[in-house]
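Data block below; observations after.
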Amino acid sequence: MAKEPPPKNEVIEEGAPAWVVTFGDLMSLLLCFFVLLLSFSEMDRQKYKEVAGSLAQAFGVQRKEKLTQSPRGQRIVARAFDKAKLATREREKIGRQLTKEIQTRFKGLKDLVKVEVGEKKITIRMMGETAFDSGRAYLRKAMLPLLKKIASVLKDSKGEIIISGHTDNVPVAGRFRSNLHLSAERAVKVGEYLSKEGQIDPHRISTVGYGEYRPLKSNETEEGRRKNRRVEIVLKSPSSDD
C-alpha cells in the first residue's frame with residue numbers, strides 16, 4: 001500500500017547542521033592523537049628504565065648505599081678538611097704564643113722581631129743586626145734567651161723548620177767571600193743553636209742562604225738595607241702524607 005504524502009501544511013524537521021559532522025571528526029582525531037601520545041610516553045619510560053639499568057651496571061653501581069653512610073671520597077675530603085683546620089688552629093696558637101712572649105718578656109725587641117702567621121707557615125723574622133753584629137756570623141748573647149724561647153715553642157710543634165739568611169747588597173769584607181756566604185753561615189748558626197740548645201730534632205731543620213737576592217725593601221736607602229739584613233725562621237705546615 002503506498003504511503004500517503006504528508007499534508008502540505010505539516011513541518012518536516014531537518015537533520016543536524018553540516019559543521020557538527022566536521023566537529024565530531026575533529027574530536028575523534030584529537031582523541032586518537034592523545035591516546036597515541038600516552039602510549040608513546042609509556043614506551044619511553046620503559047626504555048629509560050632499561051637504559052638506566054644498563055648504565056648502572058656499566059659503571060659498577062652494584063649496590064645501594066644508605067643515606068646515613070657518606071661516600072668514601074667525601075669522608076676522605078672531610079678528614080683532610082678537618083686536618084687542615086687543626087693545622088691552622090695550631091699555627092695561630094703558636095703565632096699568638098710567640099707574639100705574646102716577644103711583647104712581654106722581650107719588649108725591647110718587639111720592633112725588630114716580627115711573627116707572621118700565613119696560610120701554610122709561620123715566619124719569625126729577626127730584622128737588622130738583631131741576632132748578629134755587622135759582617136759577622138756569631139750569635140749575639142743578647143739574642144740567646146729569645147732563640148731559646150722560640151726553640152721551646154717550636155719543639156712541640158709539627159712540620160719542617162727552614163732557616164734562611166738574608167743580607168743587603170753592600171760587599172762584605174773579611175773571611176766571607178760574598179753576601180751569599182755570610183747569609184748561609186748565619187742560617188747555619190741559628191739552626192745549630194735550635195738543634196743543640198733548643199733540642200729540636202735536627203731532621204726537621206734545614207738552612208739556606210739567599211744573600212742579597214730576596215730583599216724586602218730597596219737597597220738604595222739605609223732603612224731599606226737594614227730591613228733586608230735579616231734571619232727568618234719558617235715553620236711549615238706538615239704535608240698531608242705526614
Query raised in the report: Which of (1) charged (D, E, K, R); (2) surrounded by fewer than 20 Cβ atoms within 10 Å (Cβ to Cβ); (3) touching a Phe, Trp or Tyr at 6+ places or on another chain (Cβ under 8 Å) does Arg186 not meet, given it meets every other one?
Result: (2)
Query raised in the report: From the set of residues in the stretch 162-190 that are out of contact with any strand residue (DSSP E or B) (no Cβ under 6 Å at 6 or more places or on another chain) and charged (D, E, K, R), which is modelled with the highest pLDDT?
Result: Glu185
**Report entry** Given (1) of a type outside the set (Asp, Glu); (2) in a helix (DSSP H, G or I); (3) in contact with a helix residue (DSSP H, G or I) (Cβ under 9 Å, 6 or more places away or on another chain); (4) buried (at least 17 other Cβ atoms within 10 Å of the Cβ), number of the condition Lys148 does not satisfy
**Finding:** (4)
Requested in this report: Identify, by number, the condition in (1) surrounded by 17 or more Cβ atoms within 10 Å (Cβ to Cβ); (2) touching a Phe, Trp or Tyr at 6+ places or on another chain (Cβ under 9 Å) that Arg140 doesn't meet.
Outcome: (1)
Query raised in the report: Before we move on, is Lys189 among the basic types (Lys, Arg) and within 19 Å of Lys110 (Cα to Cα)?
Result: no
Requested in this report: Give the residues of the stretch 190-213 that are in contact (Cβ under 8 Å) with a residue 40 or more places away in the chain and over 16 Å from Gly128 (Cα atoms), sorted by residue number.
Outcome: Tyr193, Leu194, Glu197, Gly198, Gln199, Ile200, Arg204, Ile205, Ser206, Thr207, Val208
Query raised in the report: Before we move on, is Gly159 at pLDDT below 95, within 29 Å of the chain's Cα centre (by Cα) and either on the phi > 0 side of the Ramachandran plot or assigned to a strand (DSSP E or B) (or both)?
Result: yes
Requested in this report: Please indicate, with yes or no, whether at least one residue in the stretch 195-213 is assigned to a loop (DSSP other than H, G, I, E, B), under 32 Å from the mean Cα position of the chain (by Cα) and under 24 Å from Leu146 (Cα atoms).
Outcome: yes
**Report entry** Among residues of the stretch 117-137, those that are over 12 Å from Lys236 (Cα atoms) and not hydroxyl-bearing (Ser, Thr, Tyr), counted
**Finding:** 11
Report task. From the list Leu216, Leu154, pick out the single residue that is assigned to a loop (DSSP other than H, G, I, E, B) and either modelled with pLDDT of 90 or more or within 25 Å of Thr99 (Cα to Cα) (or both). Result -> Leu216
Report summary line: Residues of the stretch 179-207 being touching a Pro at 6+ places or on another chain (Cβ under 8 Å) and either over 26 Å from Pro238 (Cα atoms) or of a type in the set (Val, Ile, Thr) (or both), in sequence order, are Asn179
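The values are calculated or read from the model by the stated rules, or taken from the named source; none is laboratory data. Here the structure is a predicted model, which is why all the values come from computation and not from measurement. Cβ: placed from backbone, ideal geometry, glycine included. Neighbour counts: every protein chain shown.
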